1. Tell me, what % of the accessible area of the range 2-69 is carbon and sulfur with a 1.4 angstrom probe?
2. Quick one: dipole size for the range 20-79, taken about the Cα centre, charges +1 on Lys/Arg Cβ and -1 on Asp/Glu Cβ, in debye to the nearest 20.
3. For the pair residue 64/residue 219, report the inter-label distance in nm, with labels modelled 7 Å from Cα in the Cβ direction.
4. Using only the Cα atoms of the chain, build the gyration tensor, take square roots of its eigenvalues as a ≥ b ≥ c, and label the shape rounded, prolate or oblate: rounded if a/c is under 1.5, else prolate if a/b is larger than b/c, else oblate.
5. State to the nearest 20 debye the size of the charge dipole of the chain about its Cα centre, where the only charges are +1 on K and R beta carbons and -1 on D and E beta carbons.
6. Tell me the label-point distance for the pair residue 108, residue 50, using the 7 Å Cα-to-Cβ offset, in nm and rounded to one decimal.
7. Multiply the residue separation of residue 134 and residue 88 by 0.36 nm, subtract the distance between their alpha-carbon atoms, and state the gained length in nm to one decimal.
8. Could you check how much of the accessible area of the range 73-199 is carbon and sulfur, as a whole percent, using a 1.4 Å probe?
Amino acid sequence: IQPISRDGKLYVQLSSEIPGASIYYTLDGSEPGIGNIKYEQPVQIQASTILKAVTVVNDKVMGMKAAEQSFVMHKALGKNVVYATPVSRYYMADGPNSLTDGVRGTFAVGKYWHGFSGNDLVATIDLGEETLVQKITLGCLQNYRDWIFLPQSVTYEISIDGKNFINVGTVNNNISPDEKNPVIKNFTANFSAQHARYIRVTAKNLGECPKGHPGEGKTAWLFADEIIVE
């Protein structure tokens, strides 16, 4: 499953490693099979959805589990993101605007996540024009084994001119850094609808791996996949 941005629109390209195989997919999160849509050309994603796809050879579904990818449509989709501190060159996802590409991260650490080593995530989005906004979400990953921890908190600010920002909410983390099972958490702030052109998101890095962790006292990672503006 390969997301492609083209002319401000989001498409998905599907491929199989098996020569001559057919691919069938669904867009409603249901399990796909030969009774579903056969893949012929890149699929345009026009609404928030879960795409699932399977490879079929001689009318038989190959593999035990369908490939799966979540997509989310929102007001910041495709907009430019400016960072106060740079993204790690090791975890660039699909480029500088991965936080507004509509593609949600999975538990695969190296895919669709922007990583920050020791630094806070401070990202500012220009929506291009004044837009009515009432909800902002940042998706983050915790993977204890890989030294990746959820932010301590996420603060959301909005602005008309890009200079004077007002705080519309801070969401604190309620999951322990000692949680060893991988976790994907949405930090969501709801507020009264207001006009804004600029959105600033600040996610506070844990800073150091916690006591008892194999990397105790060493630099912690913060991973984010999408800033969702509604």
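The values are calculated or read from the model by the stated rules, or taken from the named source; none is laboratory data. Keep in mind that what you see is a predicted model, and the values were worked out from it rather than measured. So basically every Cβ, Gly included, is an ideal-geometry build from the backbone, and we count neighbours across all protein chains shown. Just so you know, the surface numbers come from the protein's heavy atoms only, side chains and all, with ligands and any DNA or RNA stripped out. Shrake-Rupley method; radii C 1.70, N 1.55, O 1.52, S 1.80 Å.
1. Of the solvent-accessible surface of the range 2-69, carbon and sulfur hold 46 percent.
2. Value, rounded to 20: 220 debye.
3. With each label placed 7 Å out from Cα toward Cβ, I get 3.8 nm.
4. The shape class here is oblate.
5. Here the chain has a charge dipole of around 180 debye.
6. Once both label points are built, they end up 1.7 nm from each other.
7. Taking residue 134 through residue 88 to full extension adds about 13.5 nm, to one decimal.
8. Values: 2810 of 5980 Å².
C and S atoms contribute 47 percent here.
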